[in-house]
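See below for the structure under consideration.
What follows draws every value from the coordinates through simple rules; no lab data is involved. Not measured: the values here are computed from a predicted model. Positions of Cβ are backbone-derived with ideal geometry, glycine not excepted, and every protein chain shown enters the neighbour counts.
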Amino acid sequence: MMEGPQRALHLLAAAGAVPRGGRAFEDNLVLDDGDRSLARRGILLRLRRYGERATLTVKSGAAVEGGLKVREERETGVGDFDAARELLSALGFDPVFRYQKYRTNFDLEGAVASLDETPIGTYLEIEGEPEAVRRAAGRLGLDLAHGLTQSYVELFRAMRKTGNMVFKETAGQADSGAARQL
C-alpha cells in the first residue's frame, strides 16, 4: 500500500511510466452461487463497470511464484452491465461482494502499472509477463519480496471490515465504513 496517490504518481513519473488514458472510476461485483462453490474452488467471477464499458472476468486460483502472484484470467467485454447481471443471477450467480476504486493505468517496461485509489488505501499493481513485472518493479524501486499478493476482497477482510468496499453508501448497499477522502 502506498501513502497516497501523489507518492505513487511521483514514482511512476520518475520511472518514465507513460499514462494510458485518464483516471477512471470502477464498480466491481464479485459473484458466486448460494453455496459459494466458486470461492471454495479458488475461482473469482467478476462483473466490472467502468464508464460506459463493462467486462466479465473469471480468475483461477492464485499461486505465488518467485514473489509474483500468478493466476489465469479470462475476460470479455459485456454490452450491457445490468443485463449481464440479470443473466448471471438467472444462472444462480449473485453479488457476494462489491468494491470500488479509481484506476489510472500506465505503460512501464512492457507491463501495465495501475494506480488504484480505494476506500482502504492507495495501491500500485503491476501486471504482465513475469520478467516485465520484475523490470517495472525495479524501475519503480519496489522490492517484490515486500509486495502484496492478496485480492481486494482479502485485503478488505484482513482489515476486519464488513459489508462492501465502497466510497459511500448508496441506496440498497451497506457501507463498509472504510470510506475516507483520498
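What are the residues in the stretch 46-64 that are over 20 Å from Glu127 (Cα atoms) and either of a type in the set (Ser, Thr, Tyr) or part of a loop (DSSP other than H, G, I, E, B) (or both), if any?
Once the filter is applied, which keeps residues that are over 20 Å from Glu127 (Cα atoms) and either of a type in the set (Ser, Thr, Tyr) or part of a loop (DSSP other than H, G, I, E, B) (or both), the stretch 46-64 yields Gly51, Glu52.
Run Val64 past the list (1) surrounded by fewer than 17 Cβ atoms within 10 Å (Cβ to Cβ); (2) of a type outside the set (Phe, Trp, Tyr); (3) in contact with a Ser or Thr (Cβ under 9 Å, 6 or more places away or on another chain); (4) within 27 Å of Gly92 (Cα to Cα) and report the number of the one that doesn't hold.
(4)
Restricting attention to the stretch 10-45, report how many residues are over 14 Å from the mean Cα position of the chain (by Cα), assigned to a strand (DSSP E or B) and charged (D, E, K, R).
The qualifying residues number 1.
Among the residues of the stretch 70-94, count how many are surrounded by 17 or more Cβ atoms within 10 Å (Cβ to Cβ) and either in contact (Cβ under 8 Å) with a residue 40 or more places away in the chain or β-branched (Val, Ile, Thr) (or both).
Looking only at that region, the number is 4.
Which of the residues belonging to the stretch 27-67 are small (Gly, Ala, Ser) and touching a residue at least 12 places away in the same chain (Cβ under 8 Å)?
Gly34, Ala39, Gly42, Gly51, Ala54, Ser60, Gly61, Ala62, Gly66, Gly67
Spot the failing condition for Lys161; the list is (1) surrounded by fewer than 16 Cβ atoms within 10 Å (Cβ to Cβ); (2) under 21 Å from Pro95 (Cβ atoms); (3) without any contact (Cβ under 8 Å) to a residue 40 or more places away in the chain, and only one is missed.
Tallying (1) surrounded by fewer than 16 Cβ atoms within 10 Å (Cβ to Cβ); (2) under 21 Å from Pro95 (Cβ atoms); (3) without any contact (Cβ under 8 Å) to a residue 40 or more places away in the chain, Lys161 fails exactly one: (3).
Does any residue in the stretch 111-125 that is on the phi > 0 side of the Ramachandran plot come within less than 8 Å, Cβ to Cβ, of a residue that is not β-branched (Val, Ile, Thr) six or more places away or on a different chain, and which pairs are these?
Within 8 Å, the pairs are Gly121/Met1; Gly121/Met2.
Where residues in the stretch 1-52 are out of contact with any helix residue (DSSP H, G or I) (no Cβ under 7 Å at 6 or more places or on another chain) and among the basic types (Lys, Arg), which of them is nearest to Val166 (Cα to Cα)?
Arg48
When the stretch 108-136 is examined, which residues are found to be of a type in the set (A, V, I, L, M), over 15 Å from the mean Cα position of the chain (by Cα) and farther than 23 Å from Gly61 by Cβ?
If the condition is that a residue be of a type in the set (A, V, I, L, M), over 15 Å from the mean Cα position of the chain (by Cα) and farther than 23 Å from Gly61 by Cβ, then Leu108, Ala136 are the ones that fit.
With the condition kept exactly as written, say whether any residue in the stretch 68-75 is more than 17 Å from the chain's Cα centre (by Cα) and of a type outside the set (S, T, N, Q).
No, the stretch 68-75 has no match at all.
Among residues belonging to the stretch 140-165 that are assigned to a helix (DSSP H, G or I) and hydrophobic (A, V, I, L, M, F, W, C), point out the one that is nearest to the chain's Cα centre (by Cα).
Val153
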